[in-house]
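**Student:** Before we start, here is the structure in question, set down as structure tokens.
The values are calculated or read from the model by the stated rules, or taken from the named source; none is laboratory data. These figures come from a predicted structure and were not determined experimentally. Positions of Cβ are generated from backbone atoms using ideal geometry, with glycine treated the same way; all protein chains shown enter the neighbour counts.
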Amino acid sequence: DYKTEIPICSNDEVGRLAKAFNIMAKAIAEEDMRKKEFLANVSHELRTPLSYVKGYSEAILEGVVQTKQSEQKYVKLIHREASRMERLVHDLLDLAQLEGEIYPLQKIPLAFSQVIEDTLEKYEPFLQEKNISLTTELNPEIIIEADYDRIEQVIHNIVDNAIRYTPAGGNIHIQLEQINEHDCRLIISDTGKGIPKEKLPFLGERFFRVDKARTRSEGGTGLGLAITKQIIHLHRGRLHFKSEEGKGTTVVIELPTLNGELEE
Ligand code: ADP
């Protein structure tokens, strides 16, 4: 529905030019739409916790809250909402920096399996707490040229989701394999609630959540996978998702590998 479309009246050079112009105009209009939508989402996401903070603090200030105990409860709620805003602002800034390529990535040769193992160690307490088992099958020979912190962030975002959306007693399986001479594949699958097929194409879009109200209350910003997608893109990799509702979700990442040994 863009307004600049020109009618194509011939098949010659002018006609082809008009066609190319229309394609370009449409792409610009779509980008414009996405920006407007993003801005609307950001203001909504910020306004919600902000209005809670304002409301709860007003209740305290106006003396509506009678006991010390309930005052404590309100202060806790204010703190929770402020923390959510903090996470949101942090993720927004991070995404903007990644998309604007403001800080170049610090790419160095890394033993991929080592990065994965180091990151997973931090999850042991959460896995135990939720009674989720973790199994791995990692090829130790795979070397990637990558930014350590950013790759750690990718694994963190995906494993964090896997834990969050998998009920107690479930399993998370992580596999790292070489797929051809130049690329490796990291597969992270869970036995969680899964994602409806029709929603899969939207995964990785900013603020896309399958279940808006619930996931927001569970603390996610809705930007984790958008950040993940951008980091993978900056490493010349690919990211895609497979899922079956009620059965589980699989996240697949493909990255170029380096040939040869790591320097000690
Ligand atoms: P959030 O902060 O909401 O987790 P993400 O960008 O990390 O944001 O994920 C976007 C949405 O994708 C989530 O809200 C959730 O609905 C869905 N999702 C992501 N990972 C999984 C998973 N492993 N199982 C089920 N749903 C998932």
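**Student:** Being in a helix (DSSP H, G or I) and under 30 Å from THR221 (Cα atoms) narrows it down to one residue among ILE23, ILE28; which is it? Step through it out loud before you land on a result.
**Tutor:** Details: ILE23 fails: under 30 Å from THR221 (Cα atoms).
Only one candidate passes the filter, namely ILE28.
**Student:** In this structure, does ALA18 turn out to be among the small types (Gly, Ala, Ser) and more than 22 Å from GLU205 (Cα to Cα)?
**Tutor:** yes
**Student:** Here is a further query. Checking LEU239 against (1) in contact with a Leu (Cβ under 7 Å, 6 or more places away or on another chain); (2) within 19 Å of LEU98 (Cα to Cα); (3) hydrophobic (A, V, I, L, M, F, W, C), only one condition comes out false. Which one?
**Tutor:** (1)
**Student:** Consider HIS44 against the criteria (1) surrounded by 11 or more Cβ atoms within 10 Å (Cβ to Cβ); (2) without any contact (Cβ under 8 Å) to a residue 12 or more places away in the chain; (3) not aliphatic (A, V, I, L, M): it satisfies all of them except one. Which criterion is unmet?
**Tutor:** Every condition holds for HIS44 apart from (1).
**Student:** Suppose we filter GLU177, GLU124 for residues that are at pLDDT below 95, surrounded by fewer than 16 Cβ atoms within 10 Å (Cβ to Cβ) and either out of contact with any strand residue (DSSP E or B) (no Cβ under 6 Å at 6 or more places or on another chain) or within 18 Å of LYS242 (Cβ to Cβ) (or both); which single one remains?
**Tutor:** Working: GLU177 fails: at pLDDT below 95.
Among GLU177, GLU124, only GLU124 is at pLDDT below 95, surrounded by fewer than 16 Cβ atoms within 10 Å (Cβ to Cβ) and either out of contact with any strand residue (DSSP E or B) (no Cβ under 6 Å at 6 or more places or on another chain) or within 18 Å of LYS242 (Cβ to Cβ) (or both).
**Student:** Look at the stretch 230-264 and say how many of its residues are at positive phi and at pLDDT 95 or above.
**Tutor:** The number of residues fulfilling the criteria is 2.
**Student:** Let me confirm something: among ARG150, ARG164, which residue is touching a residue at least 60 places away in the same chain (Cβ under 8 Å), basic (Lys, Arg) and on the phi < 0 side of the Ramachandran plot?
**Tutor:** Being touching a residue at least 60 places away in the same chain (Cβ under 8 Å), basic (Lys, Arg) and on the phi < 0 side of the Ramachandran plot holds for just one of ARG150, ARG164, which is ARG150.
**Student:** Mind checking which residues of the stretch 152-188 are more than 16 Å from the ligand (Cβ to nearest atom) and not acidic (Asp, Glu)?
**Tutor:** Within the stretch 152-188, the first condition is being more than 16 Å from the ligand (Cβ to nearest atom), and the residues that meet it are 176-185.
Listed by number, the residues that qualify are LEU176, GLN178, ILE179, ASN180, HIS182, CYS184, ARG185.
**Student:** Go through (1) part of a strand (DSSP E or B); (2) more than 29 Å from PRO104 (Cα to Cα) for PHE241 and report which single condition fails.
**Tutor:** The one condition PHE241 does not meet is (2).
**Student:** Also, I was wondering about something else. Restrict the check to the stretch 131-138 and report whether at least one residue is modelled with pLDDT under 95, more than 16 Å from the ligand (Cβ to nearest atom) and either under 19 Å from PRO256 (Cβ atoms) or not aliphatic (A, V, I, L, M) (or both).
**Tutor:** Taking every residue of the stretch 131-138 in turn, none turns out to be modelled with pLDDT under 95, more than 16 Å from the ligand (Cβ to nearest atom) and either under 19 Å from PRO256 (Cβ atoms) or not aliphatic (A, V, I, L, M) (or both).
**Student:** Also, I was wondering about something else. Against the definition (modelled with pLDDT of 95 or more, more than 19 Å from LEU95 (Cβ to Cβ), buried (at least 16 other Cβ atoms within 10 Å of the Cβ) and not acidic (Asp, Glu)), how does ILE227 come out, yes or no?
**Tutor:** No.
**Student:** Here's something else I'd like to know. Kindly evaluate TYR52 against the criterion of being in a helix (DSSP H, G or I), at pLDDT 90 or above and farther than 30 Å from GLY204 by Cβ.
**Tutor:** Considered against the rule, which asks whether it is in a helix (DSSP H, G or I), at pLDDT 90 or above and farther than 30 Å from GLY204 by Cβ, TYR52 comes out as no.
**Student:** Something else about it: Which residue is surrounded by the fewest Cβ atoms within 10 Å (Cβ to Cβ), if the candidates are limited to the stretch 1-20 and must be over 34 Å from the mean Cα position of the chain (by Cα) and part of a helix (DSSP H, G or I)?
**Tutor:** My answer is GLU13.
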